[in-house]
Amino acid sequence: MFNFCISTAFTKCFRIFFLIVLYFFLTGFTFQQNRTTVFDVLPTDNDSIVFFGDSITHFCEWSELFSDRRIKNRGIGGDTTEELLQRVHQIIDMKPKKVFIMIGVNDVFSGFKTEIILSNYKKILDMLLNKSGKTKIYVQSTLPVVSDDIAKSTEINDEIIKLNKGLIAMVSKLNNPNIKYIDLHKDFLMPGTGQLNVKYTVDGVHLSGSGYLLWKSLIKDYVK
């Protein structure tokens, strides 16, 4: 049953994604470029709480989930650490009160080495620390994935664990009171499998409403 649901959801997501990509291809823009230009013109607010990341961040209505108008969604589907590095200046310009970062799964899917991912991540953190020094930074662990291909998902999840260990070490080494690592990974695991719990996902990677409710419960004390 789950296999069918995953396949159906994936097919629908792919169709929607294809139409979006086709539109922006025909008009000369990519999806990322379009959303980035919108961020460029939005008003800044140094009391804001920013969620910064890829599609897993992008697909949630964070301000409604938390009933907090201060929350701004700066997620873009498909982004890697390289894309976040290219647009971190937008977050710096906002001088937000807090920023919650989750990024890395697309890097892993793309086959980027952990060292490269961590190097980009470190640059993002350094820029935030140096140019938005009062911002509280929350580094959230990259979440696990699940699929019918056990060998492939195990390979991906092993890389995600390696990345998260690197993030823990990075935050510890920075030893800065304005940066905190939040381990979400363990709470999203399906017991005894090392994979994303199927009740929290619609396609094996992206989260369902239940997944976002769990995420909210794990960070609510940091958001308020």
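If you scan the stretch 85-125, which residues turn out to be under 28 Å from T154 (Cα atoms), basic (K, R) and touching a residue at least 12 places away in the same chain (Cβ under 8 Å)?
Hit for the stretch 85-125 is K122, nothing else.
Could you check the stretch 47-94 and list, in sequence order, the residues that are out of contact with any Ser or Thr (no Cβ under 9 Å at 6 or more places or on another chain), among the hydroxyl-bearing types (S, T, Y) and surrounded by 17 or more Cβ atoms within 10 Å (Cβ to Cβ)?
Across the stretch 47-94, the qualifying residues are S48, S55, T57.
Taking interchain pairs and intrachain pairs at least six residues apart, which have beta carbon atoms under 8 angstrom, with the first residue in the stretch 126-147 and at negative phi and the second among the acidic types (D, E)?
These pairs meet every condition: S141/D183.
Say we look at the stretch 43-74 and pick out the residues that are within 15 Å of V88 (Cα to Cα) and aliphatic (A, V, I, L, M); which of these is farthest from the chain's Cα centre (by Cα)?
Across the stretch 43-74, the extreme among qualifying residues is I49.
Any residue in the stretch 189-199 that is in a strand (DSSP E or B) and aliphatic (A, V, I, L, M)?
So far as the stretch 189-199 goes, yes, one or more of its residues are in a strand (DSSP E or B) and aliphatic (A, V, I, L, M).
Quick one: which residue in V198, V205 is of a type in the set (V, I, T), out of contact with any Lys or Arg (no Cβ under 9 Å at 6 or more places or on another chain), surrounded by 20 or more Cβ atoms within 10 Å (Cβ to Cβ) and farther than 21 Å from L128 by Cα?
V205 is the lone residue from the list that is of a type in the set (V, I, T), out of contact with any Lys or Arg (no Cβ under 9 Å at 6 or more places or on another chain), surrounded by 20 or more Cβ atoms within 10 Å (Cβ to Cβ) and farther than 21 Å from L128 by Cα.
Any residue that is touching a Pro at 6+ places or on another chain (Cβ under 7 Å) and not in a strand (DSSP E or B) - is there at least one of those in the stretch 161-180?
No - not one qualifying residue is present in the stretch 161-180.
Could you go through the stretch 98-110 and let me know if any residue there is in a helix (DSSP H, G or I), in contact with a strand residue (DSSP E or B) (Cβ under 6 Å, 6 or more places away or on another chain) and surrounded by fewer than 16 Cβ atoms within 10 Å (Cβ to Cβ).
Checked the stretch 98-110: no residue is in a helix (DSSP H, G or I), in contact with a strand residue (DSSP E or B) (Cβ under 6 Å, 6 or more places away or on another chain) and surrounded by fewer than 16 Cβ atoms within 10 Å (Cβ to Cβ).
Looking at (1) within 23 Å of S217 (Cβ to Cβ); (2) surrounded by fewer than 17 Cβ atoms within 10 Å (Cβ to Cβ); (3) touching a Leu at 6+ places or on another chain (Cβ under 7 Å), which one does I161 not meet, given that it meets all the others?
Unmet for I161, out of (1) within 23 Å of S217 (Cβ to Cβ); (2) surrounded by fewer than 17 Cβ atoms within 10 Å (Cβ to Cβ); (3) touching a Leu at 6+ places or on another chain (Cβ under 7 Å): (3).
Every number in this text was worked out from the coordinates using simple rules, so none of it is lab data. These numbers come from a predicted model, not from an experiment. Using ideal geometry, Cβ is built from the backbone for each residue, glycine included, and neighbour counts are taken over all protein chains shown.
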